[in-house]
Amino acid sequence: GPAPRRVRPLPEPPGLPVVHAAAAYADEVRATLLAHKERGALALAAPLGAALADAVRAGLSRTSGGYPGAPRGGGPVLLVPVPSARGAVRARGHDPVRRIALAAAGELRRSGTPARALAVLRQRRAVADQSGLGSRQRLENLAGALEVVANGARLLRGGPVVLVDDLMTTGASLSEAARAVTSAVYGTQAREEMGERNAGSRREERNPVYGAPELAGAYGAGQVLCAAVVAASPDSFGIGRN
């Protein structure tokens, strides 16, 4: 189909990164996503991953920091999937977004962009079923619902972050994922910098470990650069808003 495009839900939730989608959620695209997610057609992860990789490339092409094609002192692109509820994963027998993210990371590596899937987000509390909720209700439902797993912030600082999902409707999930990643990375960095200041009298200024937190900025490491999805609601492709 056509090249991935930037998509914007209306209203656009606060904190939503720039999002690119490979296709509109309709017809064959909708049927394919549902077959993979709900009916266990796991072989579809490969073409869906290829579509997601295209959306990731589109997002990276609009950002600075040396991608695609780096690193040189920076790390690989980190595809961070939005997590499904644990109950949904158990019921389906697999985590569809994580599976697609893994396929997309492999597709990116084969085309020369260093990438890995990093499933470090999890739900920290139960949330209501999103179907049937409006944009404001979805924001309220998901506010503070995600967190980064233990040691996840350290892993996130290994490269620039691209949030990924199979579908975007209101953008509430991606907005909450961006908040959780940013909070974890900068919280960890702030604690390390405080420790550096407190221990400054016991360190040599030229010690190579000193100043390590500043390295997190290389090629946007630890920062959310953008988001990418396989599909988005058709109205988010609105003319004049891309």
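A short reminder: the numbers here are calculations on the coordinates, not readings from a lab. The shown structure was predicted, so the numbers you read here are calculated from the model rather than taken from an experiment. Cβ placement follows ideal geometry from the backbone for every residue including glycine, while neighbour counts extend to all protein chains displayed.
Here are some notes:
- Highest to lowest packing among 45-52, 169-176, scored as the average C-beta count within 10 Å: 169-176, 45-52
- Amide H to amide H, with H built 1.01 Å from N, Gly158 comes under 5 Å of Gly222, counting only residues 5 or more places away or on other chains.
- Counted residue by residue at 0.36 nm each, then reduced by the alpha carbon distance between them, the extension gain from Ala85 to Asp235 reaches 51.4 nm.
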